[in-house]
Amino acid sequence: MTEKQLEHDMLMQFILEDCYVNTKQSIEYPPVALSLGEKIIKQQTGDKSFPIPIGTYGNLSCVSAPPKTKKTFFISLLASVYLSGSNIYGGNIKGHRGLGHLLHIDTEQGLWHCQKVFKRVYDMDKDIDPNIYHTFGLRAIGYKTRLEFIEYYLQKKINTPSLVIIDGIADLVSDVNSLEESNAVVQKLMEWSAKFNCHIINVIHHNYGTTKMTGHLGSFLEKKCETHIELEANTVNKEWVTVKCKRSRGYAFNTFSFEVNELGLPTIVNDLYDPLKT
């Protein structure tokens, strides 16, 4: 047997042992990373309340929206709530961080604008420990190196991030319409989330004039993500942005809206509000 054949057999043996699903084994629902609201589930032992997940550990989610719909403000809100557990800006959104850290990647903006976004997270909660929030602006490096850096960071277990935010997932490929590149990146995301038991939030634009996520990359993401969160202009108040769960593998959280207040901080204005939308 050649060395290549031996490596292949070892890989197949690993998959055989590690990926087998025993239908008689009790498997716990994955722990929740971020949640909004609760669901009462009837059980033989009595009713039990469970948090409705925005995302769970070991999975992916995506946030999509047209340009200029305050995606980055919304991401700052999620980051702040995750790090603090809850705060006055996030309404009923709760973070379930445990002892984990947050790795926040921005691929689109220069360092000054990146810092402005990252500082906004602290502005929503002055008590956030800077040692658990790790921020990088990767616009100045190539798309392949961006991907390599994120993998390096996770593999080296630098600060052990339990939540990863990639604001600009399209910048990890040279062409969002490349089937091969798009599939490879989404496969990497799935591998990282499972291997390092983290939740990965991916931010992506819509195709111009549609509600579809950009390119083949968006199509692959939509198929593989646990939760697809969609932002759109509110139909009642033009200063508000509506956030809805377009798709979820579990229970969908209720639609809500947020605004950017006079201090430039995103704030939930209502847990459920947009009467012209169904």
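The values are calculated or read from the model by the stated rules, or taken from the named source; none is laboratory data. Source: prediction; values computed, not measured. Cβ coordinates were reconstructed from backbone atoms using ideal geometry, including for glycine residues, and neighbour counts include every protein chain displayed.
Please specify each residue of the range 227-270 satisfying the condition of being part of a loop (DSSP other than H, G, I, E, B), in contact with a helix residue (DSSP H, G or I) (Cβ under 9 Å, 6 or more places away or on another chain) and buried (at least 16 other Cβ atoms within 10 Å of the Cβ). Don't jump to the end; show me each part of the working.
First, the residues of the range 227-270 that are part of a loop (DSSP other than H, G, I, E, B): 234-239, 249-255, 261-265.
Now drop any that are not in contact with a helix residue (DSSP H, G or I) (Cβ under 9 Å, 6 or more places away or on another chain), which leaves 263-265.
Hit for the range 227-270 is L265, nothing else.
How many residues does the range 105-158 hold that are within 22 Å of L172 (Cα to Cα) and assigned to a loop (DSSP other than H, G, I, E, B)?
Count: 12.
Determine, yes or no, whether I88 is closer than 18 Å to S162 by Cβ and over 16 Å from the mean Cα position of the chain (by Cα). Explain how you work it out, then say what you get.
On the way: closer than 18 Å to S162 by Cβ: no; over 16 Å from the mean Cα position of the chain (by Cα): yes.
So I88 does not fit the description; no.
Quick one: is R97 surrounded by 15 or more Cβ atoms within 10 Å (Cβ to Cβ), part of a helix (DSSP H, G or I) and among the charged types (D, E, K, R)? Outline the logic, then answer.
On the way: surrounded by 15 or more Cβ atoms within 10 Å (Cβ to Cβ): yes; part of a helix (DSSP H, G or I): no; among the charged types (D, E, K, R): yes.
Here the answer is no, as R97 does not meet what is asked.
Could you tell me how many of the residues in the range 198-219 are at positive phi and either modelled with pLDDT of 95 or more or not in a loop (DSSP other than H, G, I, E, B) (or both)?
1
Is the range 16-35 home to any residue that is without any contact (Cβ under 8 Å) to a residue 24 or more places away in the chain, in a helix (DSSP H, G or I), among the hydrophobic types (A, V, I, L, M, F, W, C) and exposed (fewer than 10 other Cβ atoms within 10 Å of the Cβ)? Let's see the steps before the verdict.
Our first condition is that a residue be without any contact (Cβ under 8 Å) to a residue 24 or more places away in the chain; within the range 16-35, this holds for 16-28.
Pick out the ones that are also in a helix (DSSP H, G or I) and you get 16-18.
Filter again for among the hydrophobic types (A, V, I, L, M, F, W, C), leaving 16.
Narrowing the set further to residues that are exposed (fewer than 10 other Cβ atoms within 10 Å of the Cβ) leaves 16.
Checked the range 16-35: at least one residue is without any contact (Cβ under 8 Å) to a residue 24 or more places away in the chain, in a helix (DSSP H, G or I), among the hydrophobic types (A, V, I, L, M, F, W, C) and exposed (fewer than 10 other Cβ atoms within 10 Å of the Cβ).
Is there a residue in the range 123-134 that is in contact (Cβ under 8 Å) with a residue 60 or more places away in the chain and surrounded by fewer than 19 Cβ atoms within 10 Å (Cβ to Cβ)? Explain how you work it out, then say what you get.
We begin by selecting, within the range 123-134, every residue in contact (Cβ under 8 Å) with a residue 60 or more places away in the chain; these are 123-124.
Subsequent filtering for residues that are surrounded by fewer than 19 Cβ atoms within 10 Å (Cβ to Cβ) retains 123.
Taking every residue of the range 123-134 in turn, at least one turns out to be in contact (Cβ under 8 Å) with a residue 60 or more places away in the chain and surrounded by fewer than 19 Cβ atoms within 10 Å (Cβ to Cβ).
Let me spell it out: the conditions are (1) surrounded by fewer than 21 Cβ atoms within 10 Å (Cβ to Cβ); (2) at pLDDT 95 or above; (3) in contact with a strand residue (DSSP E or B) (Cβ under 6 Å, 6 or more places away or on another chain); (4) not hydrophobic (A, V, I, L, M, F, W, C), and H104 meets all of them except one. Which number is the exception?
(1)
E222 fails exactly one of the following numbered conditions: (1) surrounded by fewer than 18 Cβ atoms within 10 Å (Cβ to Cβ); (2) in a helix (DSSP H, G or I); (3) over 14 Å from the mean Cα position of the chain (by Cα). What is the number of that condition?
Unmet condition: (3).
Look through I141, I150 and report the one residue that is of a type in the set (A, V, I, L, M) and without any contact (Cβ under 8 Å) to a residue 24 or more places away in the chain. Give the derivation first.
Working: I150 fails: without any contact (Cβ under 8 Å) to a residue 24 or more places away in the chain.
Result of the check over I141, I150: I141.
Please specify each residue of the range 56-81 satisfying the condition of being part of a helix (DSSP H, G or I), more than 11 Å from the chain's Cα centre (by Cα) and in contact (Cβ under 8 Å) with a residue 60 or more places away in the chain.
Step one: of the range 56-81, the residues part of a helix (DSSP H, G or I) are 71-81.
This time we only want the ones that are more than 11 Å from the chain's Cα centre (by Cα), so: 71-74, 76-77, 80-81.
K71, T72, F73, F74, S76, L77 - these are the residues of the range 56-81 that are part of a helix (DSSP H, G or I), more than 11 Å from the chain's Cα centre (by Cα) and in contact (Cβ under 8 Å) with a residue 60 or more places away in the chain.
Within the range 87-117, track down each residue that is within 18 Å of I141 (Cβ to Cβ) and not aliphatic (A, V, I, L, M).
H104, D106, T107, E108, Q109, G110, W112, H113, C114, Q115, listed by residue number.
Could you list, in sequence order, the residues of the range 36-55 that are assigned to a strand (DSSP E or B) and at positive phi? Give the steps one after another, and end with the answer.
Just the residues of the range 36-55 that are assigned to a strand (DSSP E or B), to begin with: 36-41, 48-55.
Residue satisfying the conditions is G37 alone.
Could you pull out the residue among I169, I229, I204, I165 that is hydrophobic (A, V, I, L, M, F, W, C), in contact (Cβ under 8 Å) with a residue 40 or more places away in the chain and closer than 20 Å to G100 by Cα?
On the way: I169 fails: closer than 20 Å to G100 by Cα; I229 fails: closer than 20 Å to G100 by Cα; I204 fails: closer than 20 Å to G100 by Cα.
Answer to the check: I165.
Could you tell me whether the range 74-83 includes any residue that is of a type outside the set (F, W, Y), farther than 30 Å from S219 by Cβ, in contact with a Gly (Cβ under 8 Å, 6 or more places away or on another chain) and surrounded by 14 or more Cβ atoms within 10 Å (Cβ to Cβ)? Steps first, answer last, please.
Applying the first criterion (of a type outside the set (F, W, Y)) to the range 74-83 yields 75-81, 83.
Of the ones still in play, those that are also farther than 30 Å from S219 by Cβ are 80, 83.
The next check asks that each one be in contact with a Gly (Cβ under 8 Å, 6 or more places away or on another chain); those that pass are 80, 83.
Now narrow it down to the ones that are surrounded by 14 or more Cβ atoms within 10 Å (Cβ to Cβ): 80, 83.
Checking the range 74-83: at least one residue is of a type outside the set (F, W, Y), farther than 30 Å from S219 by Cβ, in contact with a Gly (Cβ under 8 Å, 6 or more places away or on another chain) and surrounded by 14 or more Cβ atoms within 10 Å (Cβ to Cβ).
Go through (1) free of Cβ contacts under 8 Å to residues at least 24 places away in the same chain; (2) under 15 Å from the mean Cα position of the chain (by Cα) one by one and return the number of the condition K212 breaks.
(2)
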